[in-house]
Every structure is written in structure tokens, then in C-alpha cells.
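Any read-out appearing in this document is the output of simple, stated calculations on the displayed coordinates, not a laboratory observation. Note that the structure is a prediction, hence the values are computed from the model and not measured. With ideal geometry, Cβ positions are generated from the backbone for all residues, glycine too; neighbour counts draw on all protein chains shown.
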Amino acid sequence: MVLFASFLDGLSRVISTIKGRNSQKDAGKEAAEALAKDARKKELMLSSSGIVKSSKSDNFTSVCSRRGQKGTNQDSSVVWEGFGSQDDMIFCGIFDGHGPWGHFVSKKVRESVPSLLLCNWQENLALTSLGMDFEVDLDRNLHQFDIWKQSYLKTYAAIDQELKQHRKIDSFFSGTTAVTIIKQGENLVIANVGDSRAVLATISIDDGSLVPLQLTIDFKPSLPEEAERITRSKGRVFCLRDEPGVYRVWMPDGKTPGLSLSRAFGDHCVKDFGLVSEPDVTRRNISSRDQFVILATDGVWDVISNLEAVQVVSLTSDREKSAERLVECAGRAWKCKKKGIAMDDISAICLFFHPSPSPQIDPPLIISSHDERFLKQSSSPQPL
């Protein structure tokens with residue numbers, strides 16, 4: 001197990017002063033925040049549209065966000081290359097706010113998750129390392145994943161509670177989704193709350209085509225397990241007459257808030273009635289066939305399929321513009337498929353795992369006639 005140098009002092013204090021966990025936690029939090037500040041200074045952390053190119057790994061990240069037609073852009077994102085001062089780690093997250101304070105909530109969660117997660121990971125790593133011989137292989141990947149999972153659960157619970165008590169942000173009727181990934185060497189850890197989505201592009205063993213693999217679940221009230229939890233907590237799940245098929249979460253009186261998510265940060269009006277901020281945390285070992293992962297808000301997924309998104313990104317010759325191209329395609333798709341409906345905010349992160357291949361060794365793509373028509377239409381010079 002690798003411990004980053006910036007936290008070695010903290011580790012020794014945990015080992016020697018277990019009883020002083022509160023002061024140690026403060027020290028760990030300060031160390032994590034200092035690392036975040038240093039990453040921003042070195043341009044290794046990005047919280048707006050742009051790119052992050054690693055000089056010490058094959059990671060390359062493209063980010064783009066565009067305001068919709070509903071007012072303030074409530075989407076936010078973050079990329080942290082060299083997460084925790086480790087060359088083989090990168091953190092990516094995308095957040096979709098909703099409600100009157102949604103843009104404040106999404107930005108607050110974006111600012112809080114990386115450093116607090118890092119602090120909790122360091123603490124859990126130190127505690128589980130005590131008395132364990134890491135020279136013996138005890139399925140190291142599973143052990144690392146369990147540490148990350150417990151760190152995520154602790155982090156998200158703490159942030160949601162902090163939002164509830166925040167004096168300057170009203171999260172009673174406002175909240176945000178959160179889909180994040182951590183790439184640690186060849187391991188991928190995915191955590192999801194809400195209906196923003198992570199989709200992996202991988203080369204099919206069968207025919208060599210580039211195919212999508214959805215890494216997350218869209219947590220909607222229509223999912224049986226989610227609906228059962230909500231109704232068991234006295235919340236209500238039903239559709240409005242003018243929105244058939246769109247299930248929403250309501251308070252017991254059935255009047256508010258009509259939330260189309262079953263998991264979210266914030267929205268404390270229904271936290272006692274089945275809504276949770278608990279993330280679904282999963283893992284994947286990255287293979288040579290896995291090419292890139294897309295994180296995007298539902299402004300993309302409401303109008304573009306997983307396959308279409310993968311094809312748009314893979315056919316963009318300049319990786320720096322891959323997220324921008326996907327956002328542009330989604331904007332055009334909104335005009336075609338959602339006429340009369342105000343366009344949502346649209347945001348995407350594209351994280352590439354390997355160096356850009358030369359044209360002659362690009363993996364072959366199999367594109368249906370429908371997909372070809374979509375891509376042609378998306379590439380035509382229409383203004384958004």
C-alpha cells in the first residue's frame with residue numbers, strides 16, 4: 001500500500017496517538033486542503049471548462065460546461081490530477097444542482113468532496129494499516145476498494161449534514177447530484193448519487209467495435225428498490241397527470257417537492273422520507289481495451305444515448321475538444337428532440353486512459369445508419 005509523502009507525519013501521529021483522533025482529523029483536513037490549494041496553484045486542479053494533461057501519466061482530461069435556458073448554470077465539475085500528491089491518481093467529479101439554491105449546493109459539494117474524501121481515505125488507510133503485513137498479498141485491490149468505499153460513505157454523510165446546518169446555503173428544497181471517479185493506477189473507483197452518469201468506452205472482444213458500458217445507475221424514484229425505501233419511510237412516489245412515466249418523490253402530504261431523484265445531496269425536506277445521500281460505490285480494473293470514460297449531467301443523457309456519446313468523443317480528432325464537441329452535440333439534440341422545452345445545463349468530462357493513437361491503429365468503429373445520420377447532423381455548422 002502506497003502512502004503519499006505529505007501525509008507520512010499524519011500517519012505516525014495516528015499510530016502513536018490513537019486517543020487524539022479529533023486533533024488528528026483536524027490536521028488531516030488541513031493537510032488535504034493544503035494539497036488542494038497547491039494543486040490549484042500548479043494548475044493540476046480544474047473547476048471550469050478546459051483541459052488537464054498529466055506530465056507523469058497517460059491521463060488526459062477534457063471538460064466543458066454550458067448554461068441551458070433555465071437561468072444560472074447549476075452544473076459544476078472538478079478534475080484533480082495527481083490527487084493526494086500521487087502521480088498515479090486522478091479525481092474527476094461532476095455535479096448537477098437543482099432547486100432555487102442548486103448552484104450554491106453543487107459548488108459547495110464540488111469544493112468539499114475531494115479534500116474531505118482525501119482526508120478520510122488517509123485516516124482509514126492509516127487505521128487499517130496497523131498490524132497488517134502488506135508484504136502478504138491479501139487481494140490488495142479489494143482491500144484498497146474497501147478503504148475507498150468506507151471513505152466515500154463517511155465523506156458524503158458528513159457533507160450532507162454540513163449542508164443541512166449551513167447558515168448561508170438553504171438546501172431544504174435544493175440539492176445536487178454527484179458522480180465521481182478515482183483512477184488509481186489501473187483501478188477505477190466510481191461513486192454515484194443521483195442521475196448524472198459515468199459511461200466507459202471499451203473495445204468489444206467480439207468485433208473490435210467501440211462500445212459503451214454504463215458504470216452507474218440512474219437513481220430515479222421509478223426504480224423498485226428506491227421506491228420501496230421511500231414509501232417505507234412514509235414518502236410518496238407518483239407521476240403527475242401531465243407527466244406520465246415521470247416518477248417523483250413527494251412528502252407525505254403529496255404537495256412538495258416533486259423531486260425526480262431518489263438520491264441527492266441536500267433536499268432535506270425529504271431526507272426523513274426516504275431520500276438519501278448514500279453513494280453507490282463500485283470498482284473496475286482498467287484493461288488495455290478500455291479507452292476513456294465520460295462523466296456527464298442529464299443535460300447530455302436526456303437527449304444522447306451512451307453509444308452516441310462514445311462515438312462523438314471517439315470521432316473527435318482533437319482530444320482537447322472532445323467534451324466541448326459532446327456538449328455541442330447535446331445542445332443540437334435538445335433542439336431536435338425537446339422542442340418547446342427549455343434546454344437544461346449541459347456538462348461533460350472526458351478522461352482518456354491511453355496516449356492518443358496514430359490514425360492507422362485507431363480501433364475500428366461499427367456505426368449503424370441511424371448513428372451515422374445523428375453524427376452527420378451533429379457535425380453540421382448549426383448555431384446553438
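Based on the mean of other beta carbon atoms within 10 Å per residue, what is the order of 308-315, 233-240, most packed first? Please report the intermediate quantities before stating the final value.
Numbers: 308-315: 22.8, 233-240: 15.8.
Most protected by this proxy first, the peptides run 308-315, 233-240.
Need one number for the stretch 138-215: average projected area of the convex hull over its C-alpha atoms, nm².
7.4
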Roughly speaking, what is the stretch gain from LYS41 to GLN214, that is 0.36 nm per residue apart minus the C-alpha to C-alpha distance, in nm to one decimal?
58.9 nm
Semi-axes of the stretch 140-282's equivalent ellipsoid from the Cα gyration tensor, sqrt of 5 times each eigenvalue, largest first, rounded to whole Å?
30, 21, 12
Between the alpha-carbon centers of the stretch 238-267 and the stretch 179-230, tell me the distance in whole angstrom.
23
What percent does the relative contact order of the stretch 147-253 come to when contacts are Cα pairs within less than 8 Å and at least six residues apart?
14
Can you give the Rg/Rh ratio of the stretch 38-144, where Rg is from the C-alpha atoms and Rh is the Kirkwood radius?
1.07
Where nothing but the Cβ of Lys and Arg (+1) and of Asp and Glu (-1) is charged, how large is the charge dipole of the stretch 37-78 around its Cα centre, in debye to the nearest 20?
140
At 4 °C and 1.567 mPa s, the Stokes-Einstein diffusion coefficient in µm²/s for the stretch 163-203, with hydrodynamic radius from the Kirkwood sum on alpha carbon pairs, is 100
Largest-first principal axis extents of the Cα set of the stretch 220-295 (Å)
52, 27, 20
For the stretch 180-238, calculate the relative contact order in percent as a whole number, restricting contacts to Cα pairs under 8 Å that are 6 or more residues apart.
24
Do the alpha carbons of any pairs in LYS53/LYS107; LYS53/LYS183; LYS70/LYS220; LYS56/LYS108; LYS107/LYS168; LYS29/LYS154 sit beyond 18 Å of each other, and which pairs?
LYS53/LYS107; LYS70/LYS220; LYS56/LYS108
